[in-house]
Amino acid sequence: MRAPLPVVAVHPESPRYGVPLVFLPGLWSGPGVWQRAAGLLAHRGWQGWIVDPAGRGGVGARADALAALLGELGAPPVLVASDGAGVVAAEA
């Protein structure tokens, strides 16, 4: 069994929304590309999770790992994906 996906939680100063945001970087970029956007949205009250699917193999393996993570969040999230990660998000 693989280890869970590495994630960085970005906590809001004053939570306003019950729906978490899950940021998924593109297939050729790292989680740092979402750090600023997640921080700005956290300032507005959104809970964010920046996912790092690097080293998970192809699209199918990344989608499976993402689906497992999404199942643990409780509330259905809003997925925010860049470039090729949109395919991973659609598969999950």
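In the set (1) modelled with pLDDT under 90; (2) outside any helix (DSSP H, G or I); (3) surrounded by 14 or more Cβ atoms within 10 Å (Cβ to Cβ), residue 65 fails one condition alone, (2).
Of all residues in the stretch 11-36, those satisfying the criterion of being farther than 26 Å from residue 57 by Cα and either out of contact with any Phe, Trp or Tyr (no Cβ under 7 Å at 6 or more places or on another chain) or among the hydroxyl-bearing types (Ser, Thr, Tyr) (or both) are 11, 13, 14, 15, 16, 17, 18, 19, 36. Could you run through the stretch 20-45 and say how many residues are on the phi < 0 side of the Ramachandran plot, open to solvent by less than 60 Å² (accessible area, probe 1.4 Å) and either in contact (Cβ under 8 Å) with a residue 60 or more places away in the chain or in a loop (DSSP other than H, G, I, E, B) (or both)? Within the stretch 20-45, residues that are on the phi < 0 side of the Ramachandran plot, open to solvent by less than 60 Å² (accessible area, probe 1.4 Å) and either in contact (Cβ under 8 Å) with a residue 60 or more places away in the chain or in a loop (DSSP other than H, G, I, E, B) (or both) number 7. Within the set 12, 4, the sole residue that is at pLDDT 90 or above and assigned to a loop (DSSP other than H, G, I, E, B) turns out to be 12.
The values are calculated or read from the model by the stated rules, or taken from the named source; none is laboratory data. For clarity, every value in this text was computed on a predicted model and none was experimentally measured. Quick reminder, even Gly has a Cβ in these numbers, built from the backbone with ideal geometry, and neighbours come from all protein chains shown. Accessible surface is based on the protein model in full, side chains and every heavy atom, while ligands, DNA and RNA are left aside. Shrake-Rupley method; radii C 1.70, N 1.55, O 1.52, S 1.80 Å.
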